[in-house]
Amino acid sequence: MQKLLLAIDAVSTWIGKAAAWAAVGLTLLISWEVFSRYVMNNPHAWVFDAQIMLYGTMFMLAGAYTLSKNGHVRGDVLYGFFSPRAQAGVDLLLYFVFFLPGVIALTWAGWTYAQESLAIREQTFSATPLPLYPFKFVIPLAGATLLLQGFAEIARCIICLREGQWPSRERDVEEVDVDKLKEMVHADDHGASAGGRP
């Protein structure tokens, strides 16, 4: 089971890192448009729409990657002090109450939305229209990858409830180091009792 979970993590990581290259495309596109507009006096109407589509693709496809790295926003200050089983119980409840209904709805509605866009060959509303329907297919793709990663996270919760510790996952940069935060809090507690501070 652990190999399967890590394989799903690897797929989410690959998709997220591939989507991150859209940032390079955005940087180049914006730099070129600024040069074209202000130096050559030749603005392009389609660039704004292309920027939105690139950013949207990067943002949506990063969801499963972020979930695979346990990086979505939560109340880490309180949650980090829970036992692993308590964390797994809270996570499992939230996955079933909020995550699964929301992501299934996103994927289902996104697929319908993308098919309708393809059927009419939807384009952007600008002087130089771009095809919009390829971008709309990013929505169900993002939903499907997020759903797949969500099933892996649900399996991790069940394993943690049974075994009392979280199964391993690929590590990445962490914004809050909960273990160091715990050490700091405990160090202050011990120092307060030993030093007689109020």
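If a residue counts only when it is modelled with pLDDT of 90 or more and not hydrophobic (A, V, I, L, M, F, W, C), which helices (runs of 4 or more DSSP H) contained entirely in the stretch 34-132 have at least 1 such residues?
Numbers: elements: 47-68, 76-79, 84-94, 100-119.
Correct list: 47-68, 84-94, 100-119.
Looking at the stretch 23-56, which of its residues are of a type in the set (V, I, T) and under 13 Å from L130 (Cβ atoms)?
Of the residues in the stretch 23-56, the ones of a type in the set (V, I, T) are 24, 27, 30, 34, 39, 47, 52.
Matches in the stretch 23-56: V47, I52.
Say we look at the stretch 133-172 and pick out the residues that are among the aromatic types (F, W, Y) and assigned to a helix (DSSP H, G or I); which of these is farthest from A19 (Cα to Cα)?
So in the stretch 133-172, the residues among the aromatic types (F, W, Y) come out as 133, 135, 137, 151, 166.
From what is left, the residues that are assigned to a helix (DSSP H, G or I) are 133, 135, 151.
On the way: Y133: 18, F135: 13, F151: 21 Å.
Applying the filter and picking the extreme gives F151.
Can you report the number of residues in the stretch 1-29 which are part of a helix (DSSP H, G or I), without any contact (Cβ under 8 Å) to a residue 60 or more places away in the chain and within 18 Å of A142 (Cα to Cα)?
Adding up the residues that qualify gives 9.
Looking at this structure, is Q87 in contact with a Cys (Cβ under 9 Å, 6 or more places away or on another chain), of a type in the set (S, T, N, Q) and either within 15 Å of G150 (Cβ to Cβ) or surrounded by 12 or more Cβ atoms within 10 Å (Cβ to Cβ) (or both)?
Numbers: in contact with a Cys (Cβ under 9 Å, 6 or more places away or on another chain): yes; of a type in the set (S, T, N, Q): yes; either within 15 Å of G150 (Cβ to Cβ) or surrounded by 12 or more Cβ atoms within 10 Å (Cβ to Cβ) (or both): yes.
Judged against the criteria, Q87 is a match.
Report, ordered by the first and then the second residue, all pairs with beta carbons closer than 8 Å, sequence separation of six or more or different chains, a first member in the stretch 53-69 that is buried (at least 21 other Cβ atoms within 10 Å of the Cβ), and a second member that is among the basic types (K, R) and outside any helix (DSSP H, G or I).
S68/R169
Name the pairs whose Cβ atoms lie under 8 Å apart, with the first residue in the stretch 30-46 and exposed (fewer than 11 other Cβ atoms within 10 Å of the Cβ), the second not in a loop (DSSP other than H, G, I, E, B), and 6 or more positions between them or separate chains?
The qualifying pairs are N42/S36.
The values are calculated or read from the model by the stated rules, or taken from the named source; none is laboratory data. From a predicted model like this one, the values you see are computed outputs, not experimental measurements. Neighbour counts run over all protein chains shown; Cβ positions are idealised from the backbone, glycine included.
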